[in-house]
């Protein structure tokens, strides 16, 4: 990138944003950390502030992406050399209010792009996207891995939002890269999941393919992207972990349950996907990360290290959970089986029938997107 050491990070206090911000501060950048002001973001902003003698400069900016005038004023004042756009209403929380999510995810991206376009020197724009742009991929009909050239085909509103956001950035004339993320794993990410995550997890077929990524590696990818604008301009890059993160949904969940001290729930905790239904699968698939890794050099951990991180974060609570684990596994299996009976679910997961049953059919994308 240019000599301009100022980088704007949106969603800077979130699971990924706070780690991107910390890396950039450690490299001596001035980071404009944009997020909403609330009880969750204020302590994160304070914790990120460099101490005496530490490199970097942090400028928290509590600005709403929907306030186009405030965004323009902020960028005109700070003139960042790069923008890392992470802020979004993600899936599945977006299913509770897809209209509001679309305003943030699409209109907010549009506002940020317009503010960047008004600068005298165009910043590099790094857009966070998602595997959800590919929609449901039936592994029985699509055994190949997803690449940057794989056509987008969203199955629900979040995938639609991300496709729209990508198109705004790609058409902006700004130097840019689109980074499509796999399943981000971190202790704080796991602890902040609400009931809507449990619905999506239960809906996803146990044999759905998922390419996970340690949040620390994902953050490194975005930090490196912000510094390597000329090398990645115009690229679509797939951000997943190394080959140890190429998993099936049931295996990933059981590995995490093991790390948390509960133990593996086994195949009975999930329903399989329907080999004959191309929309009967989840929002993830296996990535070809070859080009992304060559350009961004971010895959520093393996799956065992991520699981050890999760176990360590549990602290002493893990001892209590392990002591209760036989009972917990029995209760969880019985609970999932009873839920499936109440919901009248058949032999296959049929995820979008279950998700739309909870949130309404307005969360689904048209079949001819």
Do we find a residue being outside any helix (DSSP H, G or I) and either modelled with pLDDT of 95 or more or buried (at least 16 other Cβ atoms within 10 Å of the Cβ) (or both) anywhere in the stretch 320-337? no
Residue 139 vs. criteria more than 14 Å from residue 236 (Cβ to Cβ), assigned to a loop (DSSP other than H, G, I, E, B), more than 20 Å from the chain's Cα centre (by Cα) and touching a residue at least 40 places away in the same chain (Cβ under 8 Å): yes
Among 255, 207, 188, which is the only one that is touching a helix residue (DSSP H, G or I) at 6+ places or on another chain (Cβ under 9 Å), outside any loop (DSSP other than H, G, I, E, B) and crowded, with 18+ Cβ neighbours inside 10 Å? 255
What are the residues in the stretch 169-185 that are crowded, with 20+ Cβ neighbours inside 10 Å and either without any contact (Cβ under 8 Å) to a residue 24 or more places away in the chain or more than 27 Å from residue 350 (Cα to Cα) (or both), if any? 169, 176, 177, 178, 179
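Taking the condition part of a loop (DSSP other than H, G, I, E, B), out of contact with any strand residue (DSSP E or B) (no Cβ under 9 Å at 6 or more places or on another chain) and modelled with pLDDT of 95 or more, does residue 282 pass? Talk me through it step by step, then tell me what you get.
On the way: part of a loop (DSSP other than H, G, I, E, B): yes; out of contact with any strand residue (DSSP E or B) (no Cβ under 9 Å at 6 or more places or on another chain): no; modelled with pLDDT of 95 or more: yes.
The answer is no for residue 282.
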Subset of the stretch 147-156, residues within 23 Å of residue 125 (Cβ to Cβ) and either touching a strand residue (DSSP E or B) at 6+ places or on another chain (Cβ under 8 Å) or not in a loop (DSSP other than H, G, I, E, B) (or both), comes to 147, 148
Among the residues of the stretch 294-304, which ones are assigned to a helix (DSSP H, G or I) and either touching a residue at least 24 places away in the same chain (Cβ under 8 Å) or in contact with a helix residue (DSSP H, G or I) (Cβ under 9 Å, 6 or more places away or on another chain) (or both)? 295, 296, 303, 304
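Test residue 79 against the stated conditions and say whether it is at positive phi and touching a residue at least 12 places away in the same chain (Cβ under 8 Å). Don't jump to the end; show me each part of the working.
Values: at positive phi: yes; touching a residue at least 12 places away in the same chain (Cβ under 8 Å): yes.
Considered against the rule, which asks whether it is at positive phi and touching a residue at least 12 places away in the same chain (Cβ under 8 Å), residue 79 comes out as yes.
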Can you find even one residue in the stretch 34-46 that is under 23 Å from residue 189 (Cβ atoms), touching a strand residue (DSSP E or B) at 6+ places or on another chain (Cβ under 7 Å) and surrounded by 22 or more Cβ atoms within 10 Å (Cβ to Cβ)? yes
Taking the stretch 24-33 and keeping only residues that are surrounded by 21 or more Cβ atoms within 10 Å (Cβ to Cβ) and in a helix (DSSP H, G or I), one is left with 24, 25
Take the residues of the stretch 158-168 that are in contact (Cβ under 8 Å) with a residue 24 or more places away in the chain and surrounded by fewer than 24 Cβ atoms within 10 Å (Cβ to Cβ): which is nearest to residue 128 (Cα to Cα)? 166
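Being in a helix (DSSP H, G or I) and either surrounded by 12 or more Cβ atoms within 10 Å (Cβ to Cβ) or modelled with pLDDT of 95 or more (or both) narrows it down to one residue among 307, 265; which is it?
Details: 265 fails: in a helix (DSSP H, G or I).
Just one listed residue meets the conditions, 307.
I need the full set of residues from the stretch 347-361 which are touching a residue at least 24 places away in the same chain (Cβ under 8 Å) and either loosely packed, with under 13 Cβ neighbours inside 10 Å or assigned to a helix (DSSP H, G or I) (or both), in order please. Even if it seems obvious, please write down each step before you answer.
The first filter runs over the stretch 347-361 and keeps only residues touching a residue at least 24 places away in the same chain (Cβ under 8 Å), leaving 347-352, 354-355, 358-359.
Matches in the stretch 347-361: 347, 351, 352, 354, 355, 358, 359.
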When residue 276 is evaluated against the numbered criteria (1) surrounded by 19 or more Cβ atoms within 10 Å (Cβ to Cβ); (2) within 22 Å of residue 345 (Cβ to Cβ), which criterion, by number, is the only one it fails? (1)
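The values are calculated or read from the model by the stated rules, or taken from the named source; none is laboratory data. Worth saying up front: this structure is predicted, and the values here are computed from it rather than measured. We place every Cβ from the backbone using ideal geometry, glycine too, and count neighbours over all the protein chains shown.
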